[in-house]
Amino acid sequence: MRLKELLNYSNVVIQTHDNPDADALASGYAVYLYLKENNVPARFIYGGKFPLQKANLVLMKETYDIPIEYVKEIEEPELLITVDCQYGEGNVFPFPAKNVAVIDHHRVSRVLPEMNEVRSNLGSCSTLVWDLLRRENIDVNDNPTLATALYYGLLTDTNNFAELSHPLDRDIRDYLRIRRSDIALFRNSNLSLNELKIAGDALGNASYSEVYRYGLVEAQPCDPNILGVISDMFLEVEGVDGCLVYSILNFGVKISVRSCVKEIKGNELADYLATDIGSGGGHIDKAGGFLERDLIEKQGVVYNSDSIRGFLAARMDSYFRDSKIIYAKEGIVDLSGYPKYAKKALHLGYVDPAELGLVGKTVSIRTLEGDVDVLMNDNIYIMIGFDGEVYPQKKEFFLKNNVVSDEPYVFPGEYEPTVKDAKTGIGISVIPYARSCISTGKGTIYAKKLDNRVKVFTSWDEEKYYLGKPGDYLAARTDDPLDVYVIADYVFQATYESVE
């Protein structure tokens with residue numbers, strides 16, 4: 001859906017979910033301003049049992065003069081746009097409307113109207129609306145108030161950026177020019193005396209696993225940011241490598257995850273905890289997620305404090321118990337059970353970092369899987385795989401196993417990868433610089449299908465591991481057994497063939 005489609009209506013109402021949060025205020029405000037700038041009259045509303053009460057949200061509304069109204073009834077509009085929610089949900093007051101549009105980033109929970117833009121993989125609705133405005137050639141940085149509001153919406157909906165999971169979330173965070181004094185003002189109005197008591201009570205009842213060196217803490221229902229505060233405090237305890245703080249709500253469990261050792265990625269742990277019952281993600285050291293009640297109960301878990309605590313403790317134990325750690329510099333101890341494979345003839349892409357002016361610089365390669373930090377030199381190419389995956393490769397290995405093609409390069413992936421100078425923060429799209437090549441099949445590897453989880457610290461980056469799940473492949477190059485890495489199952493099946 002394009003925002004310009006909303007301009008075909010003359011009587012428009014924008015609605016957030018009941019008890020709107022900062023993300024709902026910001027994203028709804030952005031849509032309101034877009035309609036106003038295009039001379040479309042609109043109201044910005046929310047319903048429910050109570051008006052805004054949380055101090056930071058009231059302050060945000062008043063500081064930015066956001067024209068949102070708390071209402072209990074309205075005249076039926078020609079178009080009702082639900083923002084940061086979906087029409088018909090339990091936390092969305094059922095105002096009547098002739099036509100409905102939905103702009104949201106949550107999981108699809110019902111049949112959507114024809115006009116909809118729902119991207120469940122984004123961390124905030126602010127990210128989604130920012131991207132929709134970009135499609136209309138609108139730069140939100142021209143309006144510092146709006147830019148700051150959207151930034152704060154993303155900040156709060158991703159637990160202080162701890163739960164960023166999609167590249168667009170990281171892009172908007174890096175791009176927006178904001179009033180940092182406003183952000184500081186809002187954040188410093190975020191903790192009440194009651195929330196301080198919640199944090200103290202939670203820490204007083206925390207438990208600790210001596211075997212796996214993690215903490216487990218239940219907190220009473222509170223703002224998600226408070227879970228992060230508790231997590232940060234518990235992680236400072238000696239002997240604690242990671243922790244899980246959670247709060248049981250009527251409709252699900254909010255979780256906050258922290259890590260202070262390289263062998264635990266917070267975002268990966270959060271994703272593991274949420275397997276089949278919700279969603280999780282974030283940063284390497286700070287992450288979080290949400291576990292849905294109906295999915296938890298389908299696991300046979302009684303929805304009460306004791307049962308949920310036991311369930312989460314069991315998942316934490318299995319995470320540590322069932323994950324094998326491999327350091328590439330030590331190689332794979334025994335390769336005798338690893339068959340030999342060769343790469344198929346595939347059309348790939350490659351980029352010379354010299355053309356980007358990045359030789360000698362540390363860059364972050366931004367992909368769907370996260371940011372990969374690489375020190376660029378004259379002996380490295382940036383490779384683009386058959387499905388758009390990006391990885392570094394030594395030129396000598398590239399020249400040995402690929403043939404340069406004169407065909408124009410066509411990017412096959414979902415998200416066009418970018419690289420960012422770690423020092424300046426300036427991002428560059430690599431696709432305009434990409435050239436075509438064809439793999440020759442000369443490059444061979446030893447590979448074995450995994451039946452357990454592995455964390456591989458590659459020769460490229462000894463501080464960040466790549467996760468391999470059951471069904472993926474653990475591989476090592478035949479000409480360099482210390483070059484150990486993980487290949488996703490679907491990538492392996494499409495790109496490699498047996499040579500034995």
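The values are calculated or read from the model by the stated rules, or taken from the named source; none is laboratory data. Everything numeric in this text was worked out from a predicted model, so none of it was measured. Note that we place each Cβ from the backbone using ideal geometry, even for glycine, and neighbour counts take in every protein chain shown. In case anyone asks, the SASA skips ligands and DNA or RNA and just uses the protein heavy atoms, side chains included. Shrake-Rupley method; radii C 1.70, N 1.55, O 1.52, S 1.80 Å.
Couple of notes before you dig in:
- Out of 232, 182, one residue alone is assigned to a helix (DSSP H, G or I) and open to solvent by 30 Å² or more (accessible area, probe 1.4 Å). It is 232.
- Here residue 433 meets the list (1) within 21 Å of residue 326 (Cβ to Cβ); (2) open to solvent by 40 Å² or more (accessible area, probe 1.4 Å); (3) aromatic (Phe, Trp, Tyr) almost entirely, failing just condition (1).
- Meets criteria (more than 15 Å from the chain's Cα centre (by Cα) and assigned to a helix (DSSP H, G or I)) for residue 145: yes
- Residue within region 379-387 that is touching a helix residue (DSSP H, G or I) at 6+ places or on another chain (Cβ under 8 Å), at pLDDT 85 or above and polar (S, T, N, Q) present: yes
- Every residue from region 203-251 that is more than 16 Å from residue 162 (Cβ to Cβ) and of a type in the set (S, T, N, Q): 205, 207, 209, 220, 250
- Scanning region 475-497 for residues that are over 13 Å from residue 389 (Cα atoms) and aromatic (Phe, Trp, Tyr) yields 485, 496.
Residue-by-condition table, conditions (1) at pLDDT below 90; (2) part of a helix (DSSP H, G or I); (3) open to solvent by less than 70 Å² (accessible area, probe 1.4 Å); (4) not hydrophobic (A, V, I, L, M, F, W, C):
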residue	(1), (2), (3), (4)
110	yes, no, no, yes
116	no, no, yes, yes
126	no, yes, yes, yes
138	no, no, yes, no
154	no, yes, yes, no
162	yes, no, yes, no
186	no, yes, yes, no
199	yes, yes, yes, no
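- Against the numbered list (1) part of a loop (DSSP other than H, G, I, E, B); (2) at pLDDT 85 or above; (3) β-branched (Val, Ile, Thr), residue 403 comes up short only at (1).
- Tally of residues being polar (S, T, N, Q), touching a Phe, Trp or Tyr at 6+ places or on another chain (Cβ under 9 Å) and open to solvent by 30 Å² or more (accessible area, probe 1.4 Å) across region 445-466: 1
Condition check ((1) under 27 Å from residue 279 (Cα atoms); (2) touching a helix residue (DSSP H, G or I) at 6+ places or on another chain (Cβ under 8 Å); (3) not acidic (Asp, Glu)) across all residues:
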| residue | (1), (2), (3) |
| --- | --- |
| 182 | no, yes, no |
| 197 | no, no, yes |
| 214 | yes, yes, yes |
| 220 | yes, yes, yes |
| 227 | yes, no, yes |
| 231 | yes, no, yes |
| 237 | no, no, yes |
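- Residue that is modelled with the lowest pLDDT [pool: residues in region 333-369 that are within 32 Å of the chain's Cα centre (by Cα) and of a type in the set (Val, Ile, Thr)]: 367
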